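Asker: One structure, pasted below without further comment.
The values are calculated or read from the model by the stated rules, or taken from the named source; none is laboratory data. In this text, all values refer to a predicted model and were calculated from it rather than measured experimentally. Glycine also receives a Cβ, built like all others from the backbone with ideal geometry; neighbour counts cover every protein chain displayed.
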Amino acid sequence: MNNKIIIIICVFIALSKFSYSQSNKQIIATYDFINKNENKIEIVKLYIENTKAYSEFLKLKSSKDTLYADEFEDIHFKKEPNDSIGKQYFLTNKNIIFRDHIYTENNFVPVIVNENMPNYNWKLESDTIKIGNYLCNKAELEFRGRNYNFWYTTEITTQFGPWKFFGLPGLIIKIESDDKTIQFQLVKLEYSNKNSISIPYLGKQITFKEYVAFQEKITDDFIDKLKTKLPRGASIKVNKVDPTSIEKNYD
């Protein structure tokens, strides 16, 4: 009888240690990020450690200046930096600290921005689907000017998702905007014993309000130069809101 009790206790301790070690492992989720408007695919690495997470987008390889007109004949202008690091997002349950670029004085400047955690008005649905080996539940969210459909699994418990997404009761497997132009798709899942998450620091620190102001003014220099080349009396309408961007507004 005593031997049985000892065996049960040993098994319980072993299971407890296994459960503890699993919960303290770093989750590494790799996603394909697709922006069909820009005909671009990037890789996003999401690292999760208990109460914090870090997303890293594939490094930008070249600088692009793009001028185009949409179906309403509004002109859009987009510039991208030539950067060796790329975009980084550090999340807790209270805030987001991210690295991006602002365009000022005809130059791109890397910045570190501290943003309060947005309000996520999640709408959890009853729909389920099997994606790979995971049974997934559906959720919907309107965020920064886009409506998204999410598929997440409660088999992997975490509130953190790629980019700025937070608050679902499980790991996000797939994200797709209603217009199907923005997509995240999980392609690889790993676990690590390392604790390597750190806050982005390579850049000038600015407030989120300053960041938004710079983003809204990013085409001003181009507009001024373009106007000087127009015939006298001619006018042009330039749309500063980039419909291809993952963030169409900052509300």
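Asker: Of the residues Asn114, Asn121, which single one is part of a strand (DSSP E or B) and at pLDDT 95 or above? Lay out the reasoning, then the answer.
Answerer: Numbers: Asn121 fails: part of a strand (DSSP E or B).
Unique residue meeting the criteria: Asn114.
Asker: In the list Lys248, Lys204, which residue meets the criterion of being over 15 Å from Phe108 (Cα atoms) and either under 20 Å from the mean Cα position of the chain (by Cα) or at pLDDT 70 or above (or both)?
Answerer: On the way: Lys204 fails: over 15 Å from Phe108 (Cα atoms).
Of the residues listed, the single one that is over 15 Å from Phe108 (Cα atoms) and either under 20 Å from the mean Cα position of the chain (by Cα) or at pLDDT 70 or above (or both) is Lys248.
Asker: Considering only region 164-217, state which residues are among the β-branched types (Val, Ile, Thr), in a strand (DSSP E or B) and surrounded by 15 or more Cβ atoms within 10 Å (Cβ to Cβ).
Answerer: Filtering region 164-217 down to residues among the β-branched types (Val, Ile, Thr) leaves 172-173, 175, 181-182, 187, 197, 199, 206-207, 212.
So of that shortlist, the ones also in a strand (DSSP E or B) come out as 172-173, 175, 182, 187, 206-207.
Selection gives Ile172, Ile173, Ile175, Ile182, Ile206.
Asker: May I ask you to say which residue of Thr92, Thr128 is among the hydroxyl-bearing types (Ser, Thr, Tyr), touching a Ser or Thr at 6+ places or on another chain (Cβ under 7 Å), surrounded by fewer than 16 Cβ atoms within 10 Å (Cβ to Cβ) and modelled with pLDDT of 95 or more?
Answerer: On the way: Thr128 fails: touching a Ser or Thr at 6+ places or on another chain (Cβ under 7 Å).
Going through Thr92, Thr128 in turn, just one is among the hydroxyl-bearing types (Ser, Thr, Tyr), touching a Ser or Thr at 6+ places or on another chain (Cβ under 7 Å), surrounded by fewer than 16 Cβ atoms within 10 Å (Cβ to Cβ) and modelled with pLDDT of 95 or more: Thr92.
Asker: Restricting to region 27-60, count the residues that are under 18 Å from Thr181 (Cα atoms) and not aliphatic (A, V, I, L, M).
Answerer: So the first thing to find is which residues in region 27-60 are under 18 Å from Thr181 (Cα atoms), and the list is 31-44, 57.
Filter once more, keeping what is not aliphatic (A, V, I, L, M): 31-33, 35-40, 42, 57.
Selection size over region 27-60: 11.
Asker: Here is a further query. Can you tell me which residues in region 183-215 are basic (Lys, Arg) and closer than 19 Å to Leu171 by Cβ?
Answerer: Keep residues of region 183-215 that are basic (Lys, Arg), which gives 188, 194, 204, 209.
Within region 183-215, Lys188, Lys194 qualify.
Asker: Now for a separate question. If we keep just the residues of region 95-122 that are surrounded by fewer than 19 Cβ atoms within 10 Å (Cβ to Cβ) and of a type in the set (Val, Ile, Thr), which is farthest from Lys164 (Cα to Cα)?
Answerer: Thr104
Asker: Let me ask another. With the requirement that a residue be over 20 Å from the mean Cα position of the chain (by Cα) and either aliphatic (A, V, I, L, M) or not in a strand (DSSP E or B) (or both), what does region 130-146 give you?
Answerer: Answer for region 130-146, where residues must be over 20 Å from the mean Cα position of the chain (by Cα) and either aliphatic (A, V, I, L, M) or not in a strand (DSSP E or B) (or both): Ile131, Gly132, Asn133, Leu135.
Asker: Another question, if that's okay. Of the residues that make up region 23-46, is at least one closer than 25 Å to Phe165 by Cβ, modelled with pLDDT under 75, surrounded by fewer than 16 Cβ atoms within 10 Å (Cβ to Cβ) and not hydrophobic (A, V, I, L, M, F, W, C)?
Answerer: yes
Asker: Under 6 Å between Cβ atoms, which residue pairs at least 6 apart in sequence (or on different chains) link something in region 178-201 that is closer than 13 Å to Ile246 by Cα with a partner that is part of a loop (DSSP other than H, G, I, E, B) and at pLDDT 95 or above?
Answerer: Between residues of region 178-201 that are closer than 13 Å to Ile246 by Cα and residues that are part of a loop (DSSP other than H, G, I, E, B) and at pLDDT 95 or above, the close pairs are Phe184/Pro162.
Asker: Could you please find all residues in region 136-158 being surrounded by fewer than 19 Cβ atoms within 10 Å (Cβ to Cβ) and in contact (Cβ under 8 Å) with a residue 60 or more places away in the chain?
Answerer: Scanning region 136-158 gives Arg144, Gly145, Arg146, Ile156.
Asker: So, Asp127, is that one out of contact with any His (no Cβ under 6 Å at 6 or more places or on another chain), over 21 Å from Ile97 (Cα atoms) and not in a strand (DSSP E or B) or not? Break it down into steps so the answer makes sense when it comes.
Answerer: Values: out of contact with any His (no Cβ under 6 Å at 6 or more places or on another chain): yes; over 21 Å from Ile97 (Cα atoms): yes; not in a strand (DSSP E or B): no.
Taking the combined requirement at face value, the residue does not satisfy it.
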